[in-house]
Amino acid sequence: MSSKPIPRVIATQAALSFMAMLRQMHGALMFFQSGGCCDGSVPQCYAVGEFNVSTTDVYLGDLDGAAFYIGADQFEYWKHTQLIIDVAEGNGGMFSLDNGTGKRFITRSRLLTDEENRLLEKANNHDESSKPTKEQVRAWLARRLARPMPLPSLEQIRQELGWATGER
């Protein structure tokens, strides 16, 4: 097996196609795996900037450029699985961009192997040491706001901050 950890979240081709349609309508996207309440435990899709990610939310990875987050408590239940984002017929979440389209995002999952869990744990320990501090992020944001230009991609932001992307 490869020494590179597998992604914690992936998407089916149907989900990627649906995301492309929503991106044309709403611009850049991001996801948050809901932990329940009104819409149950489903992936919620938002336009970037329409959902505030907290400092306790866990970044799982990108789906075709769209960041995917999950709450820390919910992550504890799902950390031994790979999330597979798919599409099904039906109504989307109340606040999610899929609402009203006749389709909805759903989460499937598979258990990770012991080896995959070991590699992810090793990668996570390394990633923590490479994360920028809050002060570094604030300084970077102040510099970006001082320059009138379009928002960069998530990958470009990570590169400018020196935050490891997991491409090892």
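Return the residues of the stretch 43-83 that are farther than 16 Å from PRO5 by Cβ, surrounded by fewer than 20 Cβ atoms within 10 Å (Cβ to Cβ), among the β-branched types (Val, Ile, Thr) and touching a residue at least 12 places away in the same chain (Cβ under 8 Å); say none if nothing qualifies.
Across the stretch 43-83, the qualifying residues are VAL48, VAL53, THR56.
Filter the stretch 24-42 down to the residues that are at pLDDT below 90, in a loop (DSSP other than H, G, I, E, B) and not hydroxyl-bearing (Ser, Thr, Tyr), then identify the one that is surrounded by the most Cβ atoms within 10 Å (Cβ to Cβ).
Looking at residues that are at pLDDT below 90, in a loop (DSSP other than H, G, I, E, B) and not hydroxyl-bearing (Ser, Thr, Tyr), I get VAL42.
Has the stretch 6-13 got any residue that is surrounded by fewer than 19 Cβ atoms within 10 Å (Cβ to Cβ), touching a residue at least 12 places away in the same chain (Cβ under 8 Å) and touching a helix residue (DSSP H, G or I) at 6+ places or on another chain (Cβ under 7 Å)?
There is at least one residue in the stretch 6-13 that is surrounded by fewer than 19 Cβ atoms within 10 Å (Cβ to Cβ), touching a residue at least 12 places away in the same chain (Cβ under 8 Å) and touching a helix residue (DSSP H, G or I) at 6+ places or on another chain (Cβ under 7 Å).
The values are calculated or read from the model by the stated rules, or taken from the named source; none is laboratory data. Here the structure is a predicted model, which is why all the values come from computation and not from measurement. Glycine also receives a Cβ, built like all others from the backbone with ideal geometry; neighbour counts cover every protein chain displayed.
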